[in-house]
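Step one of this worksheet: look at the structure below.
The values are calculated or read from the model by the stated rules, or taken from the named source; none is laboratory data. Not measured: the values here are computed from a predicted model. Cβ placement follows ideal geometry from the backbone for every residue including glycine, while neighbour counts extend to all protein chains displayed.
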């Protein structure tokens with residue numbers, strides 16, 4: 001019974017949390033102003049575990065060819081850097 005109850009609660013919760021995180025990442029990406037020399041290279045998926053299971057998040061990637069560095073601005077805004 002407990003397993004069924006968890007599934008009934010966590011599956012919709014995972015969908016809601018995933019949707020809220022994706023909207024937050026989209027807002028952060030839209031507001032980001034690239035630094036001089038940075039170029040947007042497109043979007044990439046990230047999978048991670050949370051209380052509700054595995055979630056997927058798509059966010060923008062920026063690369064600075066001269067510095068050979070890149071980053072995902074939304075990761076920093078959501079506290080996901082280095083994960």
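What the table shows:
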{"quantity": "Sole residue being over 11 Å from the mean Cα position of the chain (by Cα) and touching a residue at least 12 places away in the same chain (Cβ under 8 Å), chosen from 52, 72", "calculated": "52"}
{"quantity": "Subset tally (residues that are within 13 Å of residue 21 (Cα to Cα) and either at pLDDT 95 or above or surrounded by fewer than 12 Cβ atoms within 10 Å (Cβ to Cβ) (or both)) for the stretch 55-67", "calculated": "4"}
{"quantity": "Residue check for residue 6: more than 12 Å from the chain's Cα centre (by Cα) and either touching a residue at least 12 places away in the same chain (Cβ under 8 Å) or in a strand (DSSP E or B) (or both)", "calculated": "no"}
{"quantity": "Options 15, 70; residue that is surrounded by 11 or more Cβ atoms within 10 Å (Cβ to Cβ) and in a strand (DSSP E or B)", "calculated": "70"}
{"quantity": "Given (1) touching a strand residue (DSSP E or B) at 6+ places or on another chain (Cβ under 9 Å); (2) surrounded by 11 or more Cβ atoms within 10 Å (Cβ to Cβ), number of the condition residue 50 does not satisfy", "calculated": "(1)"}
